[in-house]
Amino acid sequence: MRLAMPNQIELEYVQQMMMWLLFREQAAHVVQLGLGAAALTKFCYHQFPLSRVTAVELNPAVITACRQHFRLPPDDERLQVLNMNALDYVSDPAHAGSVDILQVDLYDAAAEAPALSSPAFYQACADTLSADGMLTVNLFGNPRNYRQNCDANIAALEQAFDAVVWLPIVHDANTIALAFKQAPVVDFDALYERALEIRMQTKLPAAKWVKGLQAWMADVSA
């Protein structure tokens, strides 16, 4: 976080977690699994005044640190930070179909791989989403087994979602994937126009995401 811009997203891979904006302008309910330093939670809370934002964090010390040091606002009618297990949240039938955007960045102290990555977990995530909902997830890990872990996560996502895409790796070991409950129609000219709107509204480098998606499509089609 930059002290002068505490509600902006600084790291590139965290910025990429917002690439769902290419496909929709607003979301009634955004849920973050894994609070981290609260960059995504703060950004969504301040950028989308019509949205409810929920963050789910297992470690109460992380929530305290974000409130004391990273300017995470207190809970209100739009913001709720829950101290609970992410798997419990997405497995709760009360949450089925209630989330428009799910942002997943879950890791433990060792950060060897995503803390939750099974097909059952990703299916629970899909069940939590609305009919046209989307999930972004940070696939990271130890460089020694990174590709194996990343491929396993992609395979699990593809079992649960209608379509899955991902961007080129950044920050040494971070790949951001975007999973769609319903596969979209992709028009790259329209995506570049939308990327310009995102840049104007949020300062996020969205055109790079479109280029990354084009590179992904060329790679999987080769």
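Name the residue that is surrounded by the most Cβ atoms within 10 Å (Cβ to Cβ), counting only residues in the stretch 149-182 that are among the polar types (S, T, N, Q), modelled with pLDDT under 95 and farther than 15 Å from residue 119 by Cα. The selected residue is 175.
Restricting to the stretch 5-63, name every residue that is part of a strand (DSSP E or B) and either touching a strand residue (DSSP E or B) at 6+ places or on another chain (Cβ under 9 Å) or closer than 22 Å to residue 83 by Cβ (or both). Break it down stepwise before answering.
Going through the stretch 5-63, the residues part of a strand (DSSP E or B) turn out to be 5, 29-33, 52-57.
Within the stretch 5-63, 29, 30, 31, 32, 33, 52, 53, 54, 55, 56, 57 qualify.
May I ask you to verify whether residue 14 is closer than 23 Å to residue 209 by Cα and open to solvent by 10 Å² or more (accessible area, probe 1.4 Å)? Full working, then the answer.
Details: closer than 23 Å to residue 209 by Cα: yes; open to solvent by 10 Å² or more (accessible area, probe 1.4 Å): yes.
Judged against the criteria, residue 14 is a match.
Applying a threshold of 7 Å to beta carbon distances and a minimum spacing of six or more residues, or different chains, the list of pairs starting in the stretch 179-190 at a residue that is of a type outside the set (Gly, Ala, Ser) and ending at one that is assigned to a loop (DSSP other than H, G, I, E, B) and open to solvent by 80 Å² or more (accessible area, probe 1.4 Å) reads 180/162; 181/162; 182/162. Residues in the stretch 203-222 that are of a type in the set (A, V, I, L, M, F, W, C) and open to solvent by less than 70 Å² (accessible area, probe 1.4 Å): 204, 206, 207, 209, 210, 213, 215, 216, 218.
What number of residues within the stretch 184-196 satisfy the criterion of being within 21 Å of residue 43 (Cβ to Cβ) and open to solvent by less than 80 Å² (accessible area, probe 1.4 Å)?
Here is the first cut: in the stretch 184-196, the residues within 21 Å of residue 43 (Cβ to Cβ) are 191, 194-196.
Add one more test, that the residue is open to solvent by less than 80 Å² (accessible area, probe 1.4 Å), and what stays is 191, 194-195.
Within the stretch 184-196, residues that are within 21 Å of residue 43 (Cβ to Cβ) and open to solvent by less than 80 Å² (accessible area, probe 1.4 Å) number 3.
Determine whether the stretch 52-59 contains at least one residue that is within 19 Å of residue 14 (Cβ to Cβ) and surrounded by fewer than 19 Cβ atoms within 10 Å (Cβ to Cβ). Yes, the stretch 52-59 contains a residue that is within 19 Å of residue 14 (Cβ to Cβ) and surrounded by fewer than 19 Cβ atoms within 10 Å (Cβ to Cβ).
Restricting 93, 73 to residues that are open to solvent by 60 Å² or more (accessible area, probe 1.4 Å) and either within 30 Å of residue 193 (Cβ to Cβ) or at pLDDT 95 or above (or both) narrows the list to 93.
The values are calculated or read from the model by the stated rules, or taken from the named source; none is laboratory data. Just so we're clear, the structure is a prediction, and the values are computed from it rather than from any experiment. Here the Cβ is made from the backbone with ideal geometry for all residues, glycine too, and neighbour counts use every protein chain on show. Note: areas computed on protein heavy atoms with side chains; ligands, DNA, RNA excluded. Shrake-Rupley method; radii C 1.70, N 1.55, O 1.52, S 1.80 Å.
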